[in-house]
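Asker: After the structure tokens below, expect a handful of questions from me.
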Number of protein chains: 2
Amino acid sequence: METEIRFIGKIHSELKSIEDCPLQETENAPEAEITIFPEFIDGIKNILPGSEILLLTWLHEADRTVIECIPRKNYESPLIGVFSTRSPDRPNPIGIHSVKVLSISSNGLIKVSGLEVLDQTPLLDIKPVLNR
Amino acid sequence: METEIRFIGKIHSELKSIEDCPLQETENAPEAEITIFPEFIDGIKNILPGSEILLLTWLHEADRTVIECIPRKNYESPLIGVFSTRSPDRPNPIGIHSVKVLSISSNGLIKVSGLEVLDQTPLLDIKPVLNR
């Protein structure tokens, strides 16, 4: 079975290091730009400004050996299982981000609202947000 | 950069082929069981029955070359970009499923409500559902 991921694009953000990141995306995350690589541009042709989309990212600086962790900024807490957290440090560091499309251009540049990921983070997928 | 995914578990479902699958998970998808592999079991120790979780799966039978597609069961439609659809056939066939935990055992067996994935689908990640 094929188990290699493919990058479809890349995030451009003013967040240059993990210390710059807010704890959750609702906490004043900045706007970001996404470049879609040429071979995948036909895949975004029906995305419209104003729509809500899910971005799946590959959190490339994550520690993939983490199975238990201390909740972020809560050093007194006992260790909890990583699958009860949104920590980027996990066996498969896939980020899920709900954002709004601010603008989109035919050459594959998408501008989105508040996104908490580091500059240069690879993009794996874009999905529509379903009403449910 | 490391780009290999790791399977943390596997889905057991009565859905044995793609023809068995409902169009969306809300359409009577069956309950399913998840086996978590031994080396990842400490990661699920804080998941409780009744909680809502997100499952990320690797849709292993997908066609990863698809960039544009016809909406499922809508053969008159023009081709649309795959990133405006939830089609499993896409460059990175990662499924996102919101389910409810029905039961969980210490040996890593989780029973969940309606889940639309094929039997033997690999599991990539579990995340809590955030209130936002």
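Asker: All but one of (1) on the phi > 0 side of the Ramachandran plot; (2) among the small types (Gly, Ala, Ser); (3) modelled with pLDDT under 90 hold for A:ALA29; which doesn't?
Answerer: Unmet condition: (1).
Asker: Scan the stretch B:88-132 for residues that are of a type in the set (Gly, Ala, Ser) and more than 10 Å from chain A (Cβ to nearest Cβ) and jot them down.
Answerer: Here is the first cut: in the stretch B:88-132, the residues of a type in the set (Gly, Ala, Ser) are B:95, B:98, B:103, B:105-106, B:108, B:113-114.
Listed by number, the residues that qualify are B:SER103, B:SER105, B:SER106, B:GLY108, B:SER113, B:GLY114.
Asker: How about the stretch A:62-97: which of its residues are touching a Leu at 6+ places or on another chain (Cβ under 9 Å), surrounded by fewer than 18 Cβ atoms within 10 Å (Cβ to Cβ) and of a type outside the set (Lys, Arg)?
Answerer: Answer for the stretch A:62-97, where residues must be touching a Leu at 6+ places or on another chain (Cβ under 9 Å), surrounded by fewer than 18 Cβ atoms within 10 Å (Cβ to Cβ) and of a type outside the set (Lys, Arg): A:GLU68, A:ILE70, A:ASP89.
Asker: Let me ask another. Looking for something in contact with a Gly (Cβ under 9 Å, 6 or more places away or on another chain), at pLDDT 95 or above and loosely packed, with under 13 Cβ neighbours inside 10 Å - is there at least one such residue anywhere in the stretch A:33-55?
Answerer: yes
The values are calculated or read from the model by the stated rules, or taken from the named source; none is laboratory data. If you're wondering where the values come from, they're calculated on a predicted model, not measured in any experiment. Don't worry about glycine lacking a Cβ; one is built from the backbone with ideal geometry, like all the others, and counts go over all protein chains shown.
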